[in-house]
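Worksheet: one structure, shown below.
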Amino acid sequence: MEAFFDNKTNIVNARICAALDSAPMYTVETTFAFAGRGRTVLRDANPLPGATASAIVGAINWGEKSFEVGGYKHACAEMRRSEGGLFHKTKFWRWSAARKEYEITYTHEEWKATLEEGKTSAGRFSVPFRPHLFSKSKPTVLHLTATALTEDEVFLILVFIYEEVKRQDKTVRLYPLIYLLSLF
């Protein structure tokens, strides 16, 4: 599955559209509370006939640090683990003990999810955010393989969104420090 986010600058409030025909597949909506993000909801843009309109298929509860997929809730601490040192950490995500574990890495403006210690690709999430003065920015692109689609499609989409939001938050927090250090 190849898809893109229609909102190039804000992935937490966007539609995920199919690359083939630009048809919306999912909608990502985030509510904000006084203390920051409240809840990010992933809605199916094409629910089955007879189902409720725009059925919620997954959610990230930022305050509780938990995910919901298909009505089941798990804390991030249960699903995520890290290995490595200070400068090179490898992140692993698994929805439950019965599911496969995904290794999540970030290099060159792209998140990658792999299986079997990096041997099999499960998905990519490209976030090319470089503002251009005379041309349009490229959209955020999501690519999931058949393996990921059959088992953990919604979970991987939420993991990619979660990791990118955390990366952007960390970058924004470090910017004032970098600026101050550049003055000396």
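Each reported figure results from applying straightforward, stated rules to the coordinates on display, with no laboratory input. Here the structure is a predicted model, which means the values were calculated and not measured. For neighbour counting, all protein chains shown are included, and Cβ atoms are generated from backbone atoms with ideal geometry for every residue, glycine included.
Here are a few things to note about the model shown:
- Label point at THR107 placed 7 Å out along Cα→Cβ; residues across region 1-27 whose backbone nitrogen lies under 14 Å: none
- ALA77 versus THR150: modelled label distance in nm, points set 7 Å from Cα along the beta carbon direction: 3.5 nm
- As a calculated quantity, the FRET efficiency between LEU86 and ASN10 at R0 = 25 Å, using C-beta atoms, amounts to about 0.20.
- Simple label model, 7 Å out from Cα along Cβ direction - ALA35 to LEU48, nm: 3.7 nm
- The order of TYR26, TYR162, TYR72, TYR106, going from fewest to most other C-beta atoms within 10 Å of their C-beta, is TYR72, TYR106, TYR162, TYR26.
- Mean separation of Cα pairs under 8 Å and 6 or more residues apart, divided by the residue count, gives region 2-182 a relative contact order of 15 percent.
- A Förster radius of 45 Å combined with the Cβ-Cβ distance from LYS166 to PHE134 puts the calculated FRET efficiency at roughly 0.90.
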